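Visitor: Below you will find the structure I want to go over with you.
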Amino acid sequence: MSVTLTFLGHAGFLVEDGGTKIAIDPFLTGNPVATMEASAVRCDAIVVTHGHADHFGDTVAIAKANDATVFGAFELCEYCSEMGVAKTEPMNPGGQVATDFGMVALTQAFHSSSYEGRYLGMPCGVVVRLGGVTIYHLGDTGLFSDLKLIGEIYQPDIAMIPIGDRFTMGPELAARAAQLVAPKVAIPVHYGTWPPIEQDAEAWQPEGVEVRVMGAGEQWDWGST
Ligand code: NI
Ligand code: MN
């Protein structure tokens, strides 16, 4: 059971298990910290937390170029279909979809979700199970106590947690979130991309939680024990 994670910068990741490649929140065009062009992304599926441009990003272009399936909120998938994306898996928070690679679930996130003035459905966290590894990307969210319940239910190996403040939790609340979710490893995201969300990720040390700080473009082979 292992996966390779590539951090795309900001809150985006590529996750692959040797057979399947999944992009989560692939925001590359206009991302000041990105090290990869959207046209270079190869993937089978794209999982999107919400419609904001710093997450939805290059989803439509990458989906079309790869004939990839988009997993996301119902309205977000509807928009993708209108834009010519052939394959979507519309969902909503609380729902889970079994896939050939494992599963995708959407969870609550306390945030908003629109794109160019259009409502794109509920903002979500996403749980992806691939290669026997469970990844929980919290999306953009404030703190809420059901993070503990979500952690208990999905038992994530890896959790991506926003720490940038202003639009999401800042470091203090994100540390509480990490303790509630209790993943094996927490990866801080959604900081440092622009001045308003500047944070010192190396200083983010939630007690009792192992943290891995990833730089944009960095790859990490994660094997569960
Ligand atoms: Ni957002
Ligand atoms: Mn965001």
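The values are calculated or read from the model by the stated rules, or taken from the named source; none is laboratory data. Model, not experiment: these values are computed from the prediction. Virtual Cβ from ideal backbone geometry, glycine too; neighbours counted across all protein chains shown.
Visitor: Would you check which residues across the range 45-56 are closer than 15 Å to VAL189 by Cβ and near ligand 2 (Cβ under 10 Å from one of its atoms) and list them?
Guide: Of the residues in the range 45-56, the ones closer than 15 Å to VAL189 by Cβ are 47-50, 52, 54-55.
Within the range 45-56, THR49, HIS50, HIS52, ASP54, HIS55 qualify.
Visitor: With (1) away from ligand 2 (no atom under 12 Å from the Cβ); (2) touching a strand residue (DSSP E or B) at 6+ places or on another chain (Cβ under 9 Å) as the list, and ASP140 as the residue in question, which single condition is left unmet?
Guide: Answer for ASP140: the failing condition is (1).
Visitor: Among the residues of the range 127-158, count how many are over 26 Å from ASP100 (Cβ atoms) and of a type in the set (Val, Ile, Thr).
Guide: 1
Visitor: Count, please, the residues in the range 109-143 that happen to be aromatic (Phe, Trp, Tyr) and buried (at least 21 other Cβ atoms within 10 Å of the Cβ). Write out each step before concluding.
Guide: As a first pass, look at the range 109-143 and keep what is aromatic (Phe, Trp, Tyr): 110, 115, 119, 136.
Next, only the ones that are buried (at least 21 other Cβ atoms within 10 Å of the Cβ) stay: 136.
Final tally of qualifying residues: 1.
Visitor: Which residues, taken from the range 187-221, are under 13 Å from PHE7 (Cα atoms) and either surrounded by fewer than 13 Cβ atoms within 10 Å (Cβ to Cβ) or away from ligand 2 (no atom under 16 Å from the Cβ) (or both)?
Guide: ARG212, VAL213, MET214, GLY215, GLY217, GLU218, GLN219, TRP220, ASP221
Visitor: Quick check, is HIS55 outside any strand (DSSP E or B), of a type outside the set (S, T, N, Q) and within 23 Å of TRP220 (Cα to Cα)?
Guide: Working: outside any strand (DSSP E or B): yes; of a type outside the set (S, T, N, Q): yes; within 23 Å of TRP220 (Cα to Cα): yes.
Yes: the conditions hold for HIS55.
Visitor: While we're looking at this one, here's another question. List, please: which pairs have Cβ atoms under 7 Å, are six or more places apart or on different chains, and start with a residue in the range 196-225 that is modelled with pLDDT under 95 and end with one that is loosely packed, with under 14 Cβ neighbours inside 10 Å and of a type in the set (A, V, I, L, M, F, W, C)?
Guide: GLY223/MET1; SER224/MET1
Visitor: Name the single residue, out of those in the range 65-97 being assigned to a strand (DSSP E or B) and of a type in the set (A, V, I, L, M, F, W, C), that is farthest from ARG129 (Cα to Cα). Explain how you work it out, then say what you get.
Guide: First pass over the range 65-97, keeping only residues assigned to a strand (DSSP E or B): 69-73, 88-91, 96-97.
Checking which are of a type in the set (A, V, I, L, M, F, W, C) leaves us with 70-71, 73, 91, 97.
Numbers: VAL70: 15, PHE71: 13, ALA73: 18, MET91: 16, VAL97: 10 Å.
It comes out as ALA73.
Visitor: Separate question: Being touching a residue at least 60 places away in the same chain (Cβ under 8 Å) and either small (Gly, Ala, Ser) or within 16 Å of ligand 1 (Cβ to nearest atom) (or both) is the filter here, so list the residues in the range 34-47 that pass it. Steps first, please.
Guide: Initial filter on the range 34-47 (touching a residue at least 60 places away in the same chain (Cβ under 8 Å)): 34-36, 47.
Passing the criteria: ALA34, VAL47.
Visitor: Further question on the same structure: Please verify whether ALA63 is over 20 Å from PHE7 (Cα atoms), surrounded by 14 or more Cβ atoms within 10 Å (Cβ to Cβ) and either more than 16 Å from ligand 2 (Cβ to nearest atom) or over 16 Å from the mean Cα position of the chain (by Cα) (or both), treating the condition exactly as stated.
Guide: Considered against the rule, which asks whether it is over 20 Å from PHE7 (Cα atoms), surrounded by 14 or more Cβ atoms within 10 Å (Cβ to Cβ) and either more than 16 Å from ligand 2 (Cβ to nearest atom) or over 16 Å from the mean Cα position of the chain (by Cα) (or both), ALA63 comes out as no.
Visitor: Within the range 1-23, how many residues turn out to be touching a helix residue (DSSP H, G or I) at 6+ places or on another chain (Cβ under 8 Å) and either within 16 Å of ligand 1 (Cβ to nearest atom) or in a loop (DSSP other than H, G, I, E, B) (or both)?
Guide: 3
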